Amino acid sequence: MSHPDVIVVGGGIGGLGVAFSLSRQGQSVRLLERAPAFGEVGAGIQLAPNCTRILDDYGLLAEAKSLGVVPDAMVMRDAVDGDELTRLDLRDLEKRYGYPYMVIHRSDLHGLLLRACERAGVELVTEAQVTSYESTGDGARVTLASGETHEAGVVIAADGLHSVARKLLVDDEPVSSAYVAYRGTVPAEVPRVRSVDLSEVVVYVGPACHFVHYGLRGGELLNQVAVFESPKALAGQENWGTPDELDAAFAKTCDFVRDGLPFMWRDKWWRMFDRNPVMNWVHGRIALLGDSAHPPLQYIAQGAIMAIEDGWVLGEHVARNRAADGTVDWGTALAAYEAVRPEHCRRVLSTSRKWGELWHLDGVPREQRNALLRTRDTYDYSFVDWLYGPTALTPDEEPAMFTPIPLSSAHAEAPLKVAEA
Ligand code: FAD
């Protein structure tokens, strides 16, 4: 088998994104996925302007919009009394950033990227589980569980939260948040959906829990996500996040939230892990990308977006470091990638943790948070400019972060941001 220019390990949203990005820069790409078929588990995903800008550059935004929903508003409510706390006008937000905020079914986004890779000639290989990585003189080699080996000038490891490649760079483990997510979709004909404005993305924030809903597939489905802190996880029990805990966690929330719980899928739940940020993603000609490099808690809805941004940034640096004969100076391209992406993703990971703390407050801090959020001007974007603006290609282009607003001395570090789910 001849060697491709690039091997990508992992066919999730991150792996497909970088495979497409590099193939459009003239690279031959082989993507190795351990599963027997390509696919995505879960329901909806939110795509902010920093992602739709890239989909537009890829020529994929029109198709994404035809498959998803472009909502009018994002609203944050208190989960206990149901009252509105703050909102984003997504039509105005689109004018500010030049690209829409949209929501889409995960399998539709994944399918869109998969088809783009097929059209671009990416070699897509399933049942290929990578068990080890090693650098060669001018490239890298991976070995599969079958014993087969594959070599290329560069290997991009987009192998998710439990990345094998990450062990080359850091000896760490996923960090449990003790929170668990339930997901579910409700068909439009079910009465529940009639009580919902499908043009809004809504998050209800409550003590140690939150609940998100938005429409999918042009309003054919209502997507719901229920997230809570598991007492069993806090007690160190193995079997945590079970459906009995779901019902108990939301017992004190408003009727609308509780009425949504019977529609959650009860046979599968997602325990929520992230990892501490790391600033070193490149080992010789092997580079981490997506959740393998920066798995976040999902509170600011940027995990898949960061993965797509990683792929786009790497593609741009390949374009800048490609000679007339097509040869890429991978050392320089990877160094430029590593100079800019880890710091941005570190900010997202830390902010996601803080944002989760802010959402899940109880007692007086909850009241303080609510009072502050109610005073926020709908059209104040100072807290999202650093996220939703153009993706930086160099550290100098990385925008300054928002200024934290203290809630109380106990939460002096907690940042105040506008509603995201
Ligand atoms: P993965 O999706 O984990 O893909 C890794 C792939 O690699 C898989 O296909 C796997 O089979 C394959 N693989 C693994 N190991 C090997 C191996 N050894 N050999 C070969 N293949 C291998 N993000 C957003 O941007 N917006 C949101 O609204 C959002 N909401 C979320 C809600 C929840 C409840 C959760 C849990 C996450 C959410 N995220 C969101 C985060 C987002 O889903 C992830 O960050 C993103 O999907 C990561 O993509 P990835 O391709 O890096 O990793």
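Brief remarks on what is shown
- Given (1) over 30 Å from Leu85 (Cβ atoms); (2) charged (D, E, K, R); (3) more than 15 Å from the ligand (Cβ to nearest atom); (4) in a loop (DSSP other than H, G, I, E, B), number of the condition Glu151 does not satisfy: (4)
- So Ser146, is it modelled with pLDDT under 95, more than 25 Å from the chain's Cα centre (by Cα) and surrounded by fewer than 22 Cβ atoms within 10 Å (Cβ to Cβ): no
- Condition met for Val227 (under 22 Å from Gly14 (Cα atoms) and at pLDDT 95 or above): no
- Candidates in region 163-175 are the residues that are closer than 17 Å to Leu349 by Cβ and within 13 Å of the ligand (Cβ to nearest atom); of these, the one that is farthest from the chain's Cα centre (by Cα) is Arg166.
- Picking from residues in region 243-257 that are in a loop (DSSP other than H, G, I, E, B) and in contact (Cβ under 8 Å) with a residue 12 or more places away in the chain, the one that is nearest to Phe228 (Cα to Cα) is Phe250.
- Options Arg320, Arg346, Arg341, Arg376: the member that is more than 10 Å from the ligand (Cβ to nearest atom), without any contact (Cβ under 8 Å) to a residue 40 or more places away in the chain and either of a type outside the set (Val, Ile, Thr) or buried (at least 21 other Cβ atoms within 10 Å of the Cβ) (or both): Arg320
- Residue in region 42-55 that is among the small types (Gly, Ala, Ser) and either under 23 Å from Leu334 (Cα atoms) or crowded, with 24+ Cβ neighbours inside 10 Å (or both) present: yes
- Checking each residue of region 180-192 against the condition of being out of contact with any Pro (no Cβ under 8 Å at 6 or more places or on another chain), assigned to a helix (DSSP H, G or I) and over 18 Å from Leu47 (Cβ atoms) gives at least one match.
- Complete set of residues in region 1-23 that are closer than 13 Å to Ala152 by Cα and either near the ligand (Cβ under 10 Å from one of its atoms) or within 20 Å of the chain's Cα centre (by Cα) (or both): Val8, Val9
- The residue that is surrounded by the fewest Cβ atoms within 10 Å (Cβ to Cβ), counting only those in region 16-41 that are within 26 Å of Val212 (Cβ to Cβ) and touching a Gly at 6+ places or on another chain (Cβ under 9 Å), is Gly39.
Let's see how each residue does on (1) more than 11 Å from the ligand (Cβ to nearest atom); (2) touching a residue at least 60 places away in the same chain (Cβ under 8 Å):
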| site | (1), (2) |
| --- | --- |
| Gln25 | yes, yes |
| Glu33 | no, yes |
| Gly39 | no, yes |
| Asp56 | yes, no |
| Glu63 | yes, no |
| Leu67 | yes, yes |
| Arg106 | no, yes |
| His110 | no, yes |
| Arg115 | yes, no |
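- Of the residues making up region 39-55, those that are modelled with pLDDT of 95 or more and out of contact with any strand residue (DSSP E or B) (no Cβ under 7 Å at 6 or more places or on another chain) are Ala48, Pro49, Asn50, Cys51, Arg53, Ile54, Leu55.
The values are calculated or read from the model by the stated rules, or taken from the named source; none is laboratory data. Owing to the predicted nature of the structure, the values given are computational and were not obtained by experimental measurement. Virtual Cβ from ideal backbone geometry, glycine too; neighbours counted across all protein chains shown.
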